[in-house]
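Notes follow the structure.
The values are calculated or read from the model by the stated rules, or taken from the named source; none is laboratory data. Keep in mind it's a predicted model, so treat the numbers as computed, not measured. Positions of Cβ are backbone-derived with ideal geometry, glycine not excepted, and every protein chain shown enters the neighbour counts.
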């Protein structure tokens, strides 16, 4: 579907709406998402009754949620809706009651990227365990370095009769005293 | 086949009749009926299910982040590990997304080989899925072994073309890794000829089997509206009557050239999901028959990208984004890629069909018995490598 046509039709329906076209997708504001999705789903012209995919992208200065809509009845699509929110307050209204298919995908995006979908009845982590801190797919997330011996590892090894070299022991002691966790460095990718 | 007999087995749940203590049980994560490491948190009253919460993530390895720290071609072998039964269709979807991003063309013979491999994969998946469904029903390993006997013949074809039975890593951006070896096409022709008699035999054993009918009919009914609303795809949606097959809708690759039909179910129960898989295999055989007959000679990989396959870090698609999707055996498999112009994808997202198909698991199981939950899960046909990313 040509995004220009969709944009023109949406602007005719909602006069005050702000829509930008970014790479074949329609960038809209979070407060407009629900009415736009509802219109696309219900109107006879579009009948976008199949929400294929929800995902989130980290653009460093902001987070973006992307929705791929298709129509099963009319066999048209996709329409990509893109909603950008600031990193400090990533809140987007949930599409759960319009599309049941959003249930797990919004939970996934929340788990991995930390976007809060307001109105989702059961917004819990889905892949990571309860009590996990951080959101692993954000670009500033640094995973724990598994290759570094921490103090509890040294203790465990010594308890099992393994001799730990003095330099490793010293490093683990320093790490423990500094109160920091061992973190791996992530390869840096260029910003958009 | 007696429909009335099976209707007797299912009665709508009535809490007044079964007023017993509720019990909370964890099915899994280590249980053969969960097809992997998957847990279902079930609340029971007697044997009937009051609520069911799936718990996943035991196999989570952050597939997406690993792919974001790798070259584009580098994650091709890793897509094999998503749905490890159908590595060829995973490769297909990923290659399609990257080709959309970088606007790469594929030579004719390459397209035909892709379609042949994708349809062989569908046969492998459906025949094994039915086998394991029967396993869940209690027909312990006899149907699975019949299914695996046929699957093995196809895996032999994969081994001689790609070098590996399951982790094929056969697709490249712009075609496939290498041409079919001599004699493989004849072998595929032979499989296409021998498969229908096997399916007839398989169906003679199962389709009208009274136990199968009684256990599967009217169990786990998924209504049309819910299937559509919950983004269910693949054989599961088509069993509920949703006429949506991406091979027809998008006509990606060269699927528009082939004549085949989309089987649709009426009821949307476990039996329909079983039947749809059988019928889809017959349609896949039709596509294979045409593809094997029409396949032209020529290169299998776009000559511009032969060097790229050897130096993957030099492959830098232009800035932009793309969503490529295929009709994988389990449903819509899509890859969403955002490129920032470097050698690594800025964002790489997998739309995994069996993960999203699990959304309705609770709706399907409510009011049924525990033993039915096992076959309902079997009929959804999940692979935990894909569910957990």
Number of the exception - residue A:148 against (1) surrounded by fewer than 13 Cβ atoms within 10 Å (Cβ to Cβ); (2) at pLDDT below 85 | (1)
Scan A:64, A:45 and give me the residue that is surrounded by fewer than 19 Cβ atoms within 10 Å (Cβ to Cβ) and either modelled with pLDDT under 85 or not in a helix (DSSP H, G or I) (or both).
-> A:45
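Okay, residues lined up against (1) touching a helix residue (DSSP H, G or I) at 6+ places or on another chain (Cβ under 7 Å); (2) assigned to a helix (DSSP H, G or I):
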position: B:194; (1), (2): no, yes
position: B:225; (1), (2): no, yes
position: B:233; (1), (2): yes, no
position: B:267; (1), (2): no, no
Those residues of segment B:267-287 that are surrounded by fewer than 24 Cβ atoms within 10 Å (Cβ to Cβ), in contact (Cβ under 8 Å) with a residue 40 or more places away in the chain and more than 14 Å from the chain's Cα centre (by Cα) come to a total of 5
Just one of A:99, A:104 is surrounded by 13 or more Cβ atoms within 10 Å (Cβ to Cβ), within 28 Å of residue A:136 (Cα to Cα) and without any contact (Cβ under 8 Å) to a residue 40 or more places away in the chain; which is it?
-> A:104
Note down all Cβ pairs under 7 Å where the first residue falls in segment B:58-72 and is without any contact (Cβ under 8 Å) to a residue 40 or more places away in the chain and at the interface with chain A (Cβ under 9 Å from one of its Cβ atoms), the second is assigned to a helix (DSSP H, G or I) and surrounded by fewer than 19 Cβ atoms within 10 Å (Cβ to Cβ), and they're at least six residues apart or on different chains.
-> none
Taking segment B:360-389 and keeping residues at the interface with chain A (Cβ under 10 Å from one of its Cβ atoms), closer than 17 Å to residue B:51 by Cα and buried (at least 22 other Cβ atoms within 10 Å of the Cβ) leaves B:360
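Here's the yes/no breakdown for (1) within 14 Å of chain A (Cβ to nearest Cβ); (2) under 30 Å from residue B:115 (Cβ atoms):
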| residue | (1), (2) |
| --- | --- |
| B:201 | no, yes |
| B:225 | yes, no |
| B:238 | yes, yes |
| B:242 | yes, yes |
| B:274 | no, yes |
State whether one or more residues within segment A:107-121 are on the phi > 0 side of the Ramachandran plot and at pLDDT below 85.
-> no
Scanning segment B:45-85 for residues that are surrounded by fewer than 19 Cβ atoms within 10 Å (Cβ to Cβ) and not in a loop (DSSP other than H, G, I, E, B) gives B:45, B:50, B:51, B:53, B:55, B:66, B:74, B:77, B:78
Only residues that are under 13 Å from the mean Cα position of the chain (by Cα) and either facing chain B (nearest Cβ under 10 Å) or crowded, with 16+ Cβ neighbours inside 10 Å (or both): list them for segment A:128-145, please.
-> A:135, A:136, A:137, A:138, A:139, A:141
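Residue-wise test of (1) touching a helix residue (DSSP H, G or I) at 6+ places or on another chain (Cβ under 9 Å); (2) surrounded by 18 or more Cβ atoms within 10 Å (Cβ to Cβ).
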position	(1), (2)
B:157	yes, yes
B:168	yes, yes
B:182	no, no
B:198	yes, no
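Matching residues to (1) in contact (Cβ under 8 Å) with a residue 60 or more places away in the chain; (2) more than 19 Å from the chain's Cα centre (by Cα):
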position: B:152; (1), (2): no, no
position: B:168; (1), (2): yes, no
position: B:185; (1), (2): yes, yes
position: B:215; (1), (2): yes, yes
position: B:219; (1), (2): yes, yes
position: B:222; (1), (2): yes, no
position: B:228; (1), (2): no, no
position: B:231; (1), (2): yes, no
position: B:249; (1), (2): no, no
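Condition check ((1) surrounded by fewer than 22 Cβ atoms within 10 Å (Cβ to Cβ); (2) at pLDDT below 90) across all residues:
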site: B:189; (1), (2): yes, no
site: B:209; (1), (2): yes, yes
site: B:213; (1), (2): yes, yes
site: B:218; (1), (2): yes, yes
site: B:232; (1), (2): no, no
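Table: residues versus (1) without any contact (Cβ under 8 Å) to a residue 40 or more places away in the chain; (2) more than 9 Å from chain A (Cβ to nearest Cβ).
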position: B:323; (1), (2): no, no
position: B:330; (1), (2): no, yes
position: B:333; (1), (2): no, yes
position: B:341; (1), (2): yes, no
position: B:351; (1), (2): yes, no
position: B:357; (1), (2): no, yes
So which helices (runs of 4 or more DSSP H) are wholly in segment B:288-389 and hold at least 1 residues that are touching a helix residue (DSSP H, G or I) at 6+ places or on another chain (Cβ under 6 Å)?
-> B:353-357, B:361-365, B:370-380, B:384-387
Does segment B:299-306 contain any residue that is farther than 21 Å from residue B:123 by Cα, surrounded by 19 or more Cβ atoms within 10 Å (Cβ to Cβ) and within 14 Å of chain A (Cβ to nearest Cβ)?
-> no
Only one of (1) outside any helix (DSSP H, G or I); (2) at pLDDT 90 or above; (3) within 14 Å of chain A (Cβ to nearest Cβ) fails for residue B:263. Which number is that?
-> (3)
In segment A:40-60, is there at least one residue being within 25 Å of residue B:244 (Cβ to Cβ), in contact with a strand residue (DSSP E or B) (Cβ under 7 Å, 6 or more places away or on another chain) and away from chain B (no Cβ under 13 Å)?
-> yes
Under the condition of being within 15 Å of residue B:288 (Cα to Cα) and out of contact with any helix residue (DSSP H, G or I) (no Cβ under 7 Å at 6 or more places or on another chain), which residue from segment B:101-145 is surrounded by the fewest Cβ atoms within 10 Å (Cβ to Cβ)?
-> B:109
Which residues, counting only those in segment B:21-51, are closer than 18 Å to residue B:366 by Cβ, touching a helix residue (DSSP H, G or I) at 6+ places or on another chain (Cβ under 8 Å) and within 13 Å of chain A (Cβ to nearest Cβ)?
-> B:51
Those residues of segment A:81-102 which are out of contact with any helix residue (DSSP H, G or I) (no Cβ under 8 Å at 6 or more places or on another chain) and within 13 Å of chain B (Cβ to nearest Cβ), in sequence order | A:82, A:97, A:102
